[in-house]
Amino acid sequence: MHRLGFGSMRLTGRGIWGPPEDPAECRTVLRRAVELGVDLIDTADSYGPYVAEELIGDTLGDRDDVVIATKAGLTRVAPDIGLGPAAWPPVGRPEYLRQECEMSLRRLRRDVIDLWQLHRIDPNVPAEDQFGVLRDMQSEGKVRFVGLSQVSVPQIEAARKIVQIVSVQNRYHLGDRASEEVLRYCEAHDIAFLPWAPLAQGRLSAEGPLATIAQERGEAVGTIALAWLLAHSENLLPIPGTSRVAHLEQNMRAANIELTPVEMAAIEEGIQ
Ligand SMILES: NC(=O)c1ccc[n+]([C@@H]2O[C@H](COP(=O)([O-])OP(=O)(O)OC[C@H]3O[C@@H](n4cnc5c(N)ncnc54)[C@H](OP(=O)(O)O)[C@@H]3O)[C@@H](O)[C@H]2O)c1
């Protein structure tokens, strides 16, 4: 796969709730992403809910050359407008996860889910039962590969005792490197790390070395932030999200940018 993927959470309404303002533009974003070489699209049952998966199924259901990574384990109660995790309660009961897997297959119009990720470990359900469903869906042929999301090293280790884990998806960007230890673990164990919010959800600083390098190269700050991720570790597969073709094209430029060691050092220094 190409290392620069696409995150589909933004193909929904305000607060990641309901349909997007401009569904036609969102379909174009998906098609254009694939045209530009994206072959990894991240989604989840809870985006919309169901809206992003349905758009992907409608638009790219027949493209089995595109890896679709979806998730289950978070439910929705309201638009996430300032609510944060309260808008996304985890539910990890095995029968619920199983049902969501079946419904994701339907919405995505696929016979098999390329990568199925546990969106969160539900603290109210034994973790081994949740990992067990990942293993069972894989052995039943509904899921090709299995991943985790927002986890610690001990949680990855616990899961790996039950099922092979090929990917971890934690929040990680220039302004939040709390998962650096998880990234190192992934490097050591040949696990892909999909950094979510790679553009800091649009809140990257417009000042400092990142902005200077962006200006010198005539690129957007976000493009350079993505190039930094790609250079920082070979295990990183960023999944920037956007609902606009112009932003997608800007983000995809990162795949062709090679930062010099001096630029890398300046960026690293600027974030310490
Ligand atoms: N595992 C998890 O728990 C989890 C949590 C959150 C997200 N994710 C995944 O990670 C993906 C990425 O995260 P994210 O979407 O939250 O954050 P992000 O990729 O860091 O940033 C997306 C935000 O930045 C804006 N943006 C994107 N490209 C831009 C550009 N070139 N210029 C200006 N603004 C730009 C987007 O708005 P526009 O639409 O206006 O471009 C959107 O508001 C999601 O789509 C989802 O697949 C996973």
Residue satisfying all of: in segment 9-29; in contact with a Leu (Cβ under 7 Å, 6 or more places away or on another chain) and in a loop (DSSP other than H, G, I, E, B); least open to solvent (accessible area, probe 1.4 Å) among these: 11
Quick one: count up the residues across segment 247-263 that are surrounded by fewer than 17 Cβ atoms within 10 Å (Cβ to Cβ) and either touching a Lys or Arg at 6+ places or on another chain (Cβ under 7 Å) or touching a residue at least 12 places away in the same chain (Cβ under 8 Å) (or both). 2
Hey, any hits in segment 94-112 for a residue that's more than 20 Å from residue 194 (Cα to Cα), open to solvent by less than 80 Å² (accessible area, probe 1.4 Å) and aromatic (Phe, Trp, Tyr)? yes
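Determine, yes or no, whether residue 244 is touching a residue at least 24 places away in the same chain (Cβ under 8 Å), within 13 Å of the ligand (Cβ to nearest atom), open to solvent by 30 Å² or more (accessible area, probe 1.4 Å) and not hydrophobic (A, V, I, L, M, F, W, C).
yes
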Every residue in segment 146-159 that is within 11 Å of the ligand (Cβ to nearest atom) and among the β-branched types (Val, Ile, Thr), please. 151
Where residues in segment 186-211 are away from the ligand (no atom under 14 Å from the Cβ) and modelled with pLDDT of 95 or more, which of them is surrounded by the most Cβ atoms within 10 Å (Cβ to Cβ)? 186
For segment 34-47, check the following and say yes or no: at least one residue is surrounded by fewer than 21 Cβ atoms within 10 Å (Cβ to Cβ), in a helix (DSSP H, G or I), modelled with pLDDT of 95 or more and more than 12 Å from the ligand (Cβ to nearest atom). yes
Only listed residue being within 14 Å of the ligand (Cβ to nearest atom), in a loop (DSSP other than H, G, I, E, B) and at pLDDT 95 or above, chosen from 121, 162: 121
Subset of segment 165-187 (residues that are part of a helix (DSSP H, G or I), over 16 Å from the mean Cα position of the chain (by Cα) and in contact (Cβ under 8 Å) with a residue 12 or more places away in the chain): 181, 185, 187
Only one of 191, 213 is without any contact (Cβ under 8 Å) to a residue 60 or more places away in the chain, in contact with an Asp or Glu (Cβ under 7 Å, 6 or more places away or on another chain) and of a type in the set (A, V, I, L, M); which? 213
Quick one: in segment 65-82, which of the residues that are in a strand (DSSP E or B) and without any contact (Cβ under 8 Å) to a residue 60 or more places away in the chain is nearest to the chain's Cα centre (by Cα)? 70
Unmet requirement for residue 269, which otherwise passes all of (1) surrounded by fewer than 16 Cβ atoms within 10 Å (Cβ to Cβ); (2) free of Cβ contacts under 8 Å to residues at least 40 places away in the same chain: (2)
What number goes with the only condition from (1) open to solvent by less than 40 Å² (accessible area, probe 1.4 Å); (2) over 13 Å from residue 53 (Cβ atoms) that residue 72 does not pass? (2)
Out of all the residues in segment 48-64, which are within 15 Å of residue 119 (Cβ to Cβ) and either assigned to a loop (DSSP other than H, G, I, E, B) or free of Cβ contacts under 8 Å to residues at least 40 places away in the same chain (or both)? 48, 49, 50
Does at least one position in segment 92-107 carry a residue that is more than 18 Å from the chain's Cα centre (by Cα) and assigned to a loop (DSSP other than H, G, I, E, B)? yes
Just to confirm my filter: which helices (runs of 4 or more DSSP H) fall fully inside segment 188-272 and include at least 2 residues that are more than 30 Å from residue 16 (Cα to Cα) and hydrophobic (A, V, I, L, M, F, W, C)? 261-270
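The values are calculated or read from the model by the stated rules, or taken from the named source; none is laboratory data. On a predicted model such as this, the values are computed, not experimentally measured, just so you know. Every residue, glycine as well, gets a Cβ built from its backbone with ideal geometry; the counts of neighbours run over all protein chains shown. The accessibility values were calculated without ligands, DNA or RNA, using every heavy atom of the protein model including side chains. Shrake-Rupley method; radii C 1.70, N 1.55, O 1.52, S 1.80 Å.
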